[in-house]
Amino acid sequence: MSGEWPYVCHYDMSLKKKTTVLLVDDHPGFLDEVSGLLIDEYKIVGTASDGRSGLDAARKSHAEIILLDVEMPMLNGIEVARAIQQATHKQSCLLDHAR
C-alpha cells in the first residue's frame with residue numbers, strides 16, 4: 001500500500017460461508033419448493049420426511065437453522081425442536097404450520 005486514496009480491497013463473495021439449513025416436512029412438494037427458494041443464499045445440508053428422521057439428521061448435520069413442520073409422523077415438530085434444544089443448545093428451529 002502506498003498510502004494513497006482510494007485503497008482497493010477485493011473480496012471474493014464466493015468465499016462467504018453460507019448458513020446451513022435442514023428442512024424437515026412430510027410433504028415432498030414443500031421440501032422441493034423451500035429448497036428452491038433458499039438454495040442461492042443458504043446451504044441445504046439435508047431434508048427429512050418425518051420427525052424421527054429429522055431428529056437424526058439434525059444430530060448428524062449440525063445445521064445452523066432447522067425448518068420444521070409442526071404436524072409430522074413419528075415425532076411432531078414441537079417434540080423434535082425440544083429434543084434438539086436439549087441436545088445441542090445451539091440450533092435454531094423454526095416451526096411451520098401454514099397449510
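What follows is calculated from the coordinates using simple rules that are stated; it is not laboratory data. Owing to the predicted nature of the structure, the values given are computational and were not obtained by experimental measurement. In this analysis, Cβ positions are derived from the backbone assuming ideal geometry, glycine residues included, and neighbour counts consider all displayed protein chains.
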Using a 7 Å offset from the Cα along the Cα-to-Cβ direction at both Ala87 and Ile65, what is the distance between the two label points in nm, to one decimal? 2.1
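Please rank Arg52, Arg82, fewest neighbouring Cβ atoms within 10 Å first, as an exposure proxy.
Ordered from fewest to most neighbouring Cβ atoms within 10 Å, Arg52, Arg82 come out as Arg82, Arg52.
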For every other residue with a beta carbon closer than 15 angstrom to the beta carbon of Ser53, add +1 if it is Lys or Arg and -1 if Asp or Glu, then tell me the sum. -3
Return the distance in nm (one decimal) between the two label points of a simple spin-label model at Ile39 and Ile78, each offset 7 Å from Cα along Cα→Cβ. 3.4
